[in-house]
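Structure record follows, encoded as structure tokens.
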Amino acid sequence: MLYDCTAIADRDRGVAAAVEAAKSGELVVMPTDTVYGVGADAFTAHAITQLHHARGSDRRVPPPVLVGSRHTLDGLVYSLPRAARDLADAFWPGALTIIVEHSPSLQWDLGDTGGVIAVRMPLHPVALEVLREVGPMAVTTANKVGSPSPLTAEEAREQLEYSVRVYLEAGPAVDPWPSTVVDVTGDVPRVLRTGSIPVEKLRDVVPDIVEGQA
């Protein structure tokens, strides 16, 4: 079912349907501040399997986790590094993905995480409404592996079809550039992917950040 979230009434119905679907272990497609994403409740193992099946992706590769609140990050980690806290305070919600060590007590099965996860709080009101009701969601680009990233929910539906329960359409993606990815699990914060947020802006907050793989 596709809901037009540019219309107030349809948006309310769509968000409610997406929340119900995600809580029931089904997939939803929603807008983010980059491209459209397909998501599932991060703590429902069969939904994560369904997410990989829909995209044709490797089950062992953990998807990023989106959150609806800056404070949710504190509940996902054992100890949050100062750099992660400063970056989240400066750039969330926004196109910044932070790689952190997740708490070993979390009851989820995202794949071969190696004890770390990529977390982001997107700057899109529809996504935030869903995330605040559902909680942390495993969300990745709403496309088949090897196909273009969708800029609308309709483009996502053309690829994922009936594997997704709810599609939330909010118009074309405003910023199709990917998020910037920063790894804070080592001694020095490291930019693993340059995206919408340039390194210069990151250094205004964390001066000792470096670029490239370790």
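Data overview
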read-out	value
Yes/no for G212 being in contact (Cβ under 8 Å) with a residue 40 or more places away in the chain and under 27 Å from D86 (Cα atoms)	no
Which listed residue is within 16 Å of the chain's Cα centre (by Cα) and closer than 20 Å to L160 by Cα, from L51, L73, L110	L51
Set A17, A9, A40, A54: member being more than 13 Å from V139 (Cα to Cα) and either without any contact (Cβ under 8 Å) to a residue 12 or more places away in the chain or touching a helix residue (DSSP H, G or I) at 6+ places or on another chain (Cβ under 7 Å) (or both)	A9
Residue among A16, A22 that alone is outside any loop (DSSP other than H, G, I, E, B) and open to solvent by less than 10 Å² (accessible area, probe 1.4 Å)	A22
Residues (under 18 Å from L87 (Cβ atoms), charged (D, E, K, R) and at pLDDT below 95) located in region 160-192	D187
Test: V119 is open to solvent by less than 70 Å² (accessible area, probe 1.4 Å), under 19 Å from P172 (Cβ atoms) and either more than 14 Å from the chain's Cα centre (by Cα) or among the β-branched types (V, I, T) (or both)	no
In region 129-151, residue modelled with the lowest pLDDT [restricted to those that are buried (at least 20 other Cβ atoms within 10 Å of the Cβ) and under 28 Å from A9 (Cβ atoms)]	P150
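Let's see how each residue does on (1) under 29 Å from A18 (Cα atoms); (2) small (G, A, S); (3) surrounded by 21 or more Cβ atoms within 10 Å (Cβ to Cβ); (4) in contact with a Leu (Cβ under 9 Å, 6 or more places away or on another chain):
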site: A153; (1), (2), (3), (4): yes, yes, yes, yes
site: A156; (1), (2), (3), (4): yes, yes, yes, no
site: D187; (1), (2), (3), (4): no, no, no, no
site: R190; (1), (2), (3), (4): no, no, no, no
site: R193; (1), (2), (3), (4): no, no, no, no
site: P198; (1), (2), (3), (4): no, no, no, no
site: V205; (1), (2), (3), (4): no, no, no, yes
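The values are calculated or read from the model by the stated rules, or taken from the named source; none is laboratory data. Source: prediction; values computed, not measured. No Cβ is skipped: glycine too gets one built from the backbone with ideal geometry, and neighbour counts run over all protein chains shown. Just the protein is used for accessible areas: all its heavy atoms, side chains included, with ligands, DNA and RNA removed. Shrake-Rupley method; radii C 1.70, N 1.55, O 1.52, S 1.80 Å.
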